Amino acid sequence: MSRNLRVAVVGAGPAGVYAADILTKSELPEGVSGVTVDLIERDPTPFGLIRYGVAPDHPRIKEIVKALKRVMANDDIRFFGNIAFGDDLKLDELRQFYDAVVFATGARRDRDLDIPGIDLDGSHGAADFVNWYDGHPDVDRDWDFQPHAESVAVLGVGNVGLDVSRILAKTAEELLVTEIPDNVYEGLKKNVTKDVHVFARRGPAQVKFTPMELRELSHSPTIDVIVHPEGFELDEGSLEALRAAKSQKLVVDVLQNYLAKEPTGAPHRIHIHFCQSPVEVLGEDGRVVGLRTEVTELDGTGNVRGTGEHIDWPVQAVYRAIGYYSDNLAGLPFDLATGTVPNDGGRVIEIDGSPLPGAYVTGWIKRGPVGLIGHTKSDAAQTVELLLSDVPNLQAPDSAEPEAFDAHLDSRGVQYTTWDGWEKLDAHELSLGEAHDHERERVKVVARDEMVRISRS
Ligand code: NAP
């Protein structure tokens, strides 16, 4: 007798939606007539990092939502938002309703940087700033822009470092046309940053920027990009890296163009410094007054060594953009060093090496917080293939009817949101944007209770 496979995907960001899509389109193993998927999301809205990670002035990347919406038009995929896994729902509970659970919870926190002074006021994690300017419901509405903070440091030369630098260097007016919420626009008006100093601990051939994002930095008329020549070295290891990767060569070409360019006199400057490793955030009366770096030199292998020479940079705020870190998931093993759930191609593995039956991972929680959104597709394909090959060994749920899960949530009083609810909120936010003389693309609603109220109305 054939049966329907029930799968819960925890996390409705791109990784989760791609997994749901691939699951419902895959060739099914013997004995399975169909697959239905429930996407279970902590936010009241779908799309995870696209809504709360992609910078508001990157509408091109946000266009990915169109493809994700087409996936969600499939009746075999449902959306349940505003449900916190671990608090509202545990793994054992999910097992009552699903054959398998795929975790696609991503990474939303900042990786720690263990240097003196990192906890001073004015020292921030990039992820916190991103969550603020993207209007995440769970963060404070106000950002701590100090009235005198004209020079700030950004640590790390990945695309998040670029996002943070750009948002700090742009004016509130430039960002008003995007989807930023009202509190973010008001907050940005208090930002007096003139100079953003971005620090790479290695050389130009080792930066993690991508060419398009780096080029785009100079598109704002209010920003000059200034690449400093000190540390702009290409040793044999660097040249080899450039020969091996065309995109890295493009990045270095863009950096070289900036290096050769005369500043235009724009009111804001983004400075890029190489071979400067952060060693201390300097403070006075509990607040940031500077950053101390150690000058490094390339060692020929793509790595650097310290030279013992230190430089103090007078900055009034520090943003560390040194990578994201995932949240530990209740009932699942967790590797603290990598910030991932231990797995073998997507099958969750216990600390003793045995598989955790019916539990899978995909996206950043599977392989760490690197790679562009599109990369999560191949990830999901690998996880789904393993899941489907495990079907003969999966324990069938006690309550396989889809309605049983809704009834369970209702009996627990969980105020979940649905796809219909998201469409209502989406329309509401777009109409708020239109009300502003068609100048604003959308105005995001920030308060969780308001989002839930509109979605469930
Ligand atoms: P990332 O690309 O891994 O960059 C992290 C940066 O932090 C690296 O330059 C790294 O330098 C540096 N770093 C790490 N530890 C450090 C330390 N102790 N001291 C100083 N520097 C340190 O991470 P990300 O910027 O968070 O981006 C995550 C992923 O999202 C990436 O794949 C990125 O491309 C993607 N993304 C894309 C966009 C877009 O617009 N397309 C926007 C945002 C993010 P080392 O290399 O020396 O370790």
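Details
- Considering the conditions (1) at pLDDT 95 or above; (2) crowded, with 19+ Cβ neighbours inside 10 Å, residue 376 is excluded by exactly one of them, (1).
- The set of residues in segment 267-309 being among the aliphatic types (A, V, I, L, M) and either under 16 Å from residue 320 (Cα atoms) or surrounded by fewer than 16 Cβ atoms within 10 Å (Cβ to Cβ) (or both) consists of 270, 272, 279, 281, 282, 288, 289, 291.
- Listing of helices (runs of 4 or more DSSP H) fully contained in segment 124-183 that carry 3 or more residues being crowded, with 20+ Cβ neighbours inside 10 Å and either touching a residue at least 40 places away in the same chain (Cβ under 8 Å) or in contact with a helix residue (DSSP H, G or I) (Cβ under 7 Å, 6 or more places away or on another chain) (or both): 126-133, 159-169
- Residue pairs meeting the criteria (Cβ under 7 Å; at least 6 apart or on separate chains; first within 19 Å of residue 132 (Cβ to Cβ) and of a type in the set (A, V, I, L, M, F, W, C), in segment 107-121; second away from the ligand (no atom under 11 Å from the Cβ) and part of a strand (DSSP E or B)): 118/281; 120/281; 120/283; 120/287; 120/288
- A residue that is basic (Lys, Arg), at pLDDT 95 or above and over 26 Å from residue 180 (Cα atoms) can be found somewhere in segment 95-103.
- Of the residues examined, residue 409 is one that is aliphatic (A, V, I, L, M) and in contact with a strand residue (DSSP E or B) (Cβ under 8 Å, 6 or more places away or on another chain).
- Residues that are over 16 Å from residue 161 (Cα atoms) and more than 16 Å from the ligand (Cβ to nearest atom) were ranked within segment 309-326; the one that is farthest from the chain's Cα centre (by Cα) is 309.
- Condition met for residue 133 (touching an Asp or Glu at 6+ places or on another chain (Cβ under 8 Å) and within 26 Å of residue 452 (Cα to Cα)): no
So that you can scan it fast, the table gives a plain yes or no per residue for (1) of a type in the set (A, V, I, L, M); (2) within 16 Å of the ligand (Cβ to nearest atom):
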| position | (1), (2) |
| --- | --- |
| 70 | no, no |
| 90 | no, no |
| 96 | no, no |
| 101 | yes, no |
| 115 | yes, yes |
| 140 | no, no |
| 159 | no, yes |
| 167 | yes, yes |
| 170 | no, yes |
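- Whichever residue in segment 29-51 is of a type outside the set (Lys, Arg) and under 17 Å from residue 406 (Cα atoms) and, among such residues, is nearest to the chain's Cα centre (by Cα): 41
- Single unsatisfied condition, residue 28 versus (1) within 23 Å of residue 331 (Cα to Cα); (2) surrounded by fewer than 22 Cβ atoms within 10 Å (Cβ to Cβ): (1)
The values are calculated or read from the model by the stated rules, or taken from the named source; none is laboratory data. Given the structure is predicted, the values throughout are model-derived calculations rather than measurements. So basically every Cβ, Gly included, is an ideal-geometry build from the backbone, and we count neighbours across all protein chains shown.
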